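The values are calculated or read from the model by the stated rules, or taken from the named source; none is laboratory data. Note that the coordinates shown come from a computational prediction; the quantities given were computed from them, not determined experimentally. Because the Cβ atoms are built from the backbone with ideal geometry, glycine has one as well, and the counts that use them run over all protein chains shown. Calculation scope for accessible area: heavy atoms of the full protein, side chains included, ligands and nucleic acids excluded. Shrake-Rupley method; radii C 1.70, N 1.55, O 1.52, S 1.80 Å.
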Amino acid sequence: WSGSRPIPRSMLAVLSATSLAPSRSRSVTVLSATSLAPSRSRSVTVQSSPWPERPGGGRLHSWLAATIDDESAQDVGHCGLEILSCGPDGLLGGGERWPYIRPRAILSGTLTVSPKYRRQGVAQRLLTEAERKARWLGVDEMLLMVNQKNAAALKLYTKLGYAPKPVLAEHGGQVCMSKHLYYPTVHNQRSMLPLRRLEVTAA
């Protein structure tokens with residue numbers, strides 16, 4: 001058309017460069033429905049049963065097992081409890097300890113939690129259930145042994161009201177910790193009330 005204005009050469013250069021430039025490819029991450037779905041939380045139940053292989057041979061005892069509350073009954077954690085006549089330092093010897101020896105609850109089974117369910121309150125729930133069982137069995141003090149180098153366990157037990165005893169050679173590199181189960185502490189009061197449902201998610 002004679003009335004049209006000529007396109008400047010500079011504009012032609014821009015148009016040609018744009019039209020000839022290859023389109024830049026971009027990667028797109030497609031999220032599947034599975035990756036977007038939240039992890040399903042499941043409730044945990046702690047069951048008590050007799051403990052045939054208790055190390056101290058105590059007449060009163062209990063094996064506490066935390067399991068997923070569904071048809072799988074997957075093991076989440078466990079610990080063992082028995083009542084033994086011992087001193088406040090957890091030792092059974094006589095001599096000068098004799099006046100102080102009386103029945104005490106001993107958390108003598110290692111408190112263990114499955115790695116994928118840790119840091120979700122399972123260990124605390126097991127210990128609370130062990131304390132409740134000890135009260136039911138008629139004792140007022142709980143003792144446990146923990147490795148001196150296990151900082152995480154020492155921190156947890158201290159948080160829950162356990163106090164360390166003086167370290168003795170007989171303890172073999174472990175710390176004896178104790179707790180009176182009827183002192184009016186916050187944790188004791190909570191452990192005597194109905195416990196809320198514990199929900200966990202596999203890591």
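Identify the single condition in (1) buried (at least 16 other Cβ atoms within 10 Å of the Cβ); (2) within 22 Å of G77 (Cα to Cα) that V139 does not satisfy, given that it satisfies every other one.
(2)
Of all residues in the range 100-151, which are farther than 22 Å from L181 by Cα and small (G, A, S)?
Of everything in the range 100-151, those that are farther than 22 Å from L181 by Cα and small (G, A, S) turn out to be S114, A151.
In the range 188-203, what residues are modelled with pLDDT of 90 or more, crowded, with 18+ Cβ neighbours inside 10 Å and in a helix (DSSP H, G or I)?
N188
What number goes with the only condition from (1) more than 20 Å from S49 (Cα to Cα); (2) at pLDDT 90 or above; (3) of a type in the set (A, V, I, L, M) that L126 does not pass?
L126 satisfies every listed condition except (1).
Under 6 Å by Cβ, and 6 or more places apart or on different chains, what pairs join a residue from the range 59-70 that is within 15 Å of R135 (Cα to Cα) with one that is charged (D, E, K, R) and outside any loop (DSSP other than H, G, I, E, B)?
Filtered contacts from the range 59-70: H61/E82; S62/K133; L64/E129.
Quick check on the range 162-203: of everything there that is touching a residue at least 24 places away in the same chain (Cβ under 8 Å) and of a type in the set (S, T, N, Q), which residue is farthest from R135 (Cα to Cα)?
Only one residue tops the list, namely T201.
Any residue at all in the range 77-88 that is at pLDDT below 85 and surrounded by 10 or more Cβ atoms within 10 Å (Cβ to Cβ)?
no
If you go through the range 165-175 one residue at a time, how many are open to solvent by 50 Å² or more (accessible area, probe 1.4 Å), touching a Leu at 6+ places or on another chain (Cβ under 8 Å) and not in a helix (DSSP H, G or I)?
Residues that pass the stated criteria total 1.
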